[in-house]
1. Taking only segment 87-105 into account, find how many residues are open to solvent by less than 20 Å² (accessible area, probe 1.4 Å) and either outside the structural domain of residue 130 (by the TED database) or closer than 19 Å to residue 138 by Cβ (or both).
2. In the set 65, 18, which member is closer than 20 Å to residue 81 by Cβ and hydroxyl-bearing (Ser, Thr, Tyr)?
Amino acid sequence: MEELCDIPEQLKTLLEEYRFNVNTLSKYLAVPAEDICRLADGNLDVLPDDNILRFEIYNKISFLYLIPYEGADKKLSAFLMVLISYHGLSKDTIARMALVEKSDIDKILSGRMERISDEKKYRVAAAVMCLRFFLKENEPG
């Protein structure tokens, strides 16, 4: 697995190894299709100047890149981060929607999944999946 912080290399892997559709990536990242290949070649000038937008693009690329490498627990943590960082949901809101304690959300985000019952993980995963599905309309592209 390549370096996690090497975003252009991750994007290149998505394009070349996994044959991701450039137009799909363009919509997902809110980056023009012609700039996707430039970014994969290391040209960071095609990215927006706004650091928050850059961070969101980096996160989205990493989330896709990690799909084949990370287990279900890591994916759940990544989707939780999208709900918190992009959609602005609090850990408390997510916990209440999943019918678990906020401390369970903290454990998931800190990688201490072994301390959570499978039933609670399932409830959190189901709530995260539903929230992400319904809030997706607020995401660009």
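The values are calculated or read from the model by the stated rules, or taken from the named source; none is laboratory data. Computed from a prediction, not measured in an experiment: that's the story for all the values here. Counting neighbours? That spans all protein chains shown, and the Cβs are built from the backbone with ideal geometry, glycine included. Note: accessible area is taken over every heavy atom of the protein model, side chains too, but ligands, DNA and RNA are not part of it. Shrake-Rupley method; radii C 1.70, N 1.55, O 1.52, S 1.80 Å.
1. 1
2. Step by step, each of 65, 18 is checked, and only 65 is closer than 20 Å to residue 81 by Cβ and hydroxyl-bearing (Ser, Thr, Tyr).
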